[in-house]
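Worksheet: the structure to be examined is printed underneath.
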Amino acid sequence: MTAPWHVTDSLAARYASGSAAEPDAWSLEKHVEVCGGCAARVSAAVRAGGAGPVLADVRAALLDTVRTEAVSRQPKAVPGHPGLRTDTAAVPGHPGLGGSGLSPASRWARVLWAAGPALRGAWLVALLVVVAAAVGLAYGAGFHGARPVLLAVAPVLPLAGVAVSYGRHADPMYEIGVATPSGGLRLLLTRAAAVLGVCVPVLTAAGALLPPVTGVPGAAAWLLPGLALTLAALALGSFVGCRAASATLTGGWLLAVTGPVLGRPGATGELARYLSGPAAQGGWAAAAVLCAGLLALRRRSFDHLENR
């Protein structure tokens, strides 16, 4: 029989200071879920360390908030009926009380926050600026290359949104999000879907508004390449992080496709070779399926904090 394993004082001290090796830290965190003695030992070590005063302040603030919420949710007497009491927190639509009583503005604010940093930061503004510039150049300056330019950069525009949607460098709530049951890959996919949910209608509608150019694919030709590149960024991000993966794929696309196509006069017709036709679209569809499969195999890698 294997002797029972418990957290030593030295391991608890190293964990509290952040110097414990990652496998040791994972073992400790799993063990304290079922061992009250070790949980108390680790808790004491953390409180005795440099984070102790901060944790004490957070605990006090949390308890004060809980007490205030509990008092505010106490049943109140119905006006004119002293013998009747009601719990206003449970009244549907009651403003400011309970999850179901949130105002429409508060609900949309929560949805926007959950959708990730991309939809509330500079990326969304940059996307709208790109679309507005393309439409303005086409109709205001008579620039006939606006449609090819937009199609050439559209597949990688979602990657910038993915890069700023997930990871310790992009999300100030990253550590907390990873620790929740809905964190990890589920959170990443939710935010990637939010990015695509903005890009797809905006870029496709803008492409349809631009004047057609002979030999240039239709407004929706970028959708499969954009989806494949987004899934590739997520799959590669399981190895190197979403920011590095998105930057790598964006740079590769700009060098291999956008630069050569737009850098030579009369070469915009070559976009059809990359974006349209049964061979190109079939290849992008196959790439999307392969990247989705790799992402499914690597899904557990998003359950741990990035160390980059």
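Quick notes on this one:
- Packing, as the average of other Cβ atoms within 10 Å across residues, places the peptides 37-47, 57-67 in the order 37-47, 57-67, highest first.
- When region 111-303 is reduced to its Cα atoms, the Kirkwood hydrodynamic radius in Å: 17.1 Å
- Our coupling estimate for region 8-14, obtained by passing each phi through the Karplus curve with A = 6.51, B = -1.76, C = 1.60 and θ = phi - 60°, is 7, 4, 5, 5, 4, 5, 5 Hz, Gly and Pro reported as x.
- Amide N proximity, region 145-182 versus Arg264 label position 7 Å along Cα-to-Cβ, cut-off under 15 Å: none
Any read-out appearing in this document is the output of simple, stated calculations on the displayed coordinates, not a laboratory observation. Predicted model only: the values in this text are computed from it and were never measured. Reconstructed Cβ throughout: ideal geometry from the backbone, glycine too, with neighbour counts over all protein chains shown.
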